[in-house]
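The values are calculated or read from the model by the stated rules, or taken from the named source; none is laboratory data. Given the structure is predicted, the values throughout are model-derived calculations rather than measurements. Glycine gets a Cβ as well: all are built from the backbone with ideal geometry, and neighbour counts include every protein chain shown. What goes into the accessible areas is simple: the full protein's heavy atoms, side chains included, and nothing from ligands, DNA or RNA. Shrake-Rupley method; radii C 1.70, N 1.55, O 1.52, S 1.80 Å.
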Amino acid sequence: LPYETMREIELFVLNEARLLDEGEFEAWLDLYAPHGIYWMPSKPNQTDPLGVASIIYEDHGILSIRVDRLLEARALVLTPMPRTVHLVSNIEILKGEKDSAEFEVGAAFFCTEIQGGKQRFYAGRQIHHIARHGDSFRILRKRVALTNCDGIHVPMTIPL
C-alpha cells in the first residue's frame with residue numbers, strides 16, 4: 001500500500017481511541033457503518049460471535065443505546081464518569097490492496113479505565129474491518145480480543 005493510504009488508516013484507528021478518551025461518544029458512533037458491529041469474544045481464538053457467548057456483541061442499534069447511556073447525566077452507575085486512556089500500537093494492514101474499498105487492520109492496545117477510585121487495565125489485540133466512506137472510513141466490524149477474554153469481567157461502560 002502507498003504510505004499515504006497506510007497513514008490515513010493509522011490515523012483513523014488512532015482517532016477512534018482519542019474520541020473514546022475525550023468522551024466524544026456520538027462522534028465515535030459516527031465512525032461505524034449503519035450495519036457495523038462491535039465484538040469482544042469470550043474465548044481465545046473465538047471465530048463465531050453468535051453461536052458462542054461473547055463478552056460484547058453489539059450492532060449499531062445497541063451501540064446507539066450504549067452511547068445514549070454514556071451521555072445520560074443521571075446514570076448513577078456512571079457517577080463519577082469513567083475516564084480512559086487508550087494506547088494503540090503496532091498498527092498493520094492485514095488485508096487490502098492499493099485500490100481496495102475495504103481493509104482489515106490489526107493493532108495491539110492497552111486501556112486504563114478509572115472510575116470512583118478504581119482503576120482497571122485491559123490489553124489485547126483488535127481488528128478493524130473498515131470501508132472507504134467519502135474521504136475517510138467507516139467501521140464494518142471491530143473485534144476486540146482481550147488477552148484475558150476468558151477471565152471474569154465487570155461490566156464495561158466505555159468501549160475498548
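Of all residues in the range 91-122, count the ones that are β-branched (Val, Ile, Thr) and either over 19 Å from residue 80 (Cβ atoms) or out of contact with any Lys or Arg (no Cβ under 8 Å at 6 or more places or on another chain) (or both).
Of the residues in that region, 3 qualify.
Of the residues in the range 32-61, how many are in a strand (DSSP E or B), open to solvent by 30 Å² or more (accessible area, probe 1.4 Å) and under 14 Å from residue 159 (Cβ atoms)?
Number satisfying all stated conditions: 4.
Answer yes if at least one residue in the range 105-112 is in contact with a strand residue (DSSP E or B) (Cβ under 7 Å, 6 or more places away or on another chain), over 24 Å from residue 6 (Cβ atoms) and at pLDDT 95 or above, and no otherwise.
Yes, the range 105-112 contains a residue that is in contact with a strand residue (DSSP E or B) (Cβ under 7 Å, 6 or more places away or on another chain), over 24 Å from residue 6 (Cβ atoms) and at pLDDT 95 or above.
Please determine whether any residue of the range 94-108 is under 15 Å from the mean Cα position of the chain (by Cα) and hydroxyl-bearing (Ser, Thr, Tyr).
no
Scan the range 1-12 and report the pairs whose first residue is in contact (Cβ under 8 Å) with a residue 60 or more places away in the chain and whose second residue is part of a helix (DSSP H, G or I), with Cβ atoms within less than 9 Å and a gap of 6+ or a chain change.
1/9
Within the range 92-111, does at least one residue satisfy the condition of being polar (S, T, N, Q) and farther than 23 Å from residue 8 by Cβ? Walk me through how you get there before you give the answer.
Step one: of the range 92-111, the residues polar (S, T, N, Q) are 100.
Those still in the list that are farther than 23 Å from residue 8 by Cβ too: none.
Scanning the range 92-111, I find no residue that is polar (S, T, N, Q) and farther than 23 Å from residue 8 by Cβ, so the answer is no.
Any idea which of (1) touching a Gly at 6+ places or on another chain (Cβ under 9 Å); (2) on the phi < 0 side of the Ramachandran plot is the one residue 90 doesn't satisfy?
The number of the failed condition is (2).
When the residues of the range 66-95 are filtered to those that are at pLDDT 95 or above and over 24 Å from residue 150 (Cβ atoms), which remaining residue is surrounded by the most Cβ atoms within 10 Å (Cβ to Cβ)?
So the residue we want is 91.
Restricting to the range 22-31, what's the tally of residues that are touching a residue at least 40 places away in the same chain (Cβ under 8 Å) and surrounded by fewer than 16 Cβ atoms within 10 Å (Cβ to Cβ)?
1
Among the residues of the range 79-99, how many are touching a strand residue (DSSP E or B) at 6+ places or on another chain (Cβ under 8 Å) and without any contact (Cβ under 8 Å) to a residue 12 or more places away in the chain?
1
Look through the range 101-160, keep the residues that are charged (D, E, K, R) and within 15 Å of residue 21 (Cβ to Cβ), and return whichever of them is surrounded by the most Cβ atoms within 10 Å (Cβ to Cβ).
Among residues in the range 101-160 that are charged (D, E, K, R) and within 15 Å of residue 21 (Cβ to Cβ), the one surrounded by the most Cβ atoms within 10 Å (Cβ to Cβ) is 113.
Restricted to the range 113-160, and to residues that are of a type in the set (D, E, K, R) and in a loop (DSSP other than H, G, I, E, B), which residue is farthest from residue 6 (Cα to Cα)?
Of the residues in the range 113-160, the ones of a type in the set (D, E, K, R) are 113, 118, 120, 125, 132, 135, 138, 141-143, 150.
With the extra rule that they be in a loop (DSSP other than H, G, I, E, B), the set shrinks to 135, 150.
Details: 135: 14, 150: 33 Å.
Applying the filter and picking the extreme gives 150.
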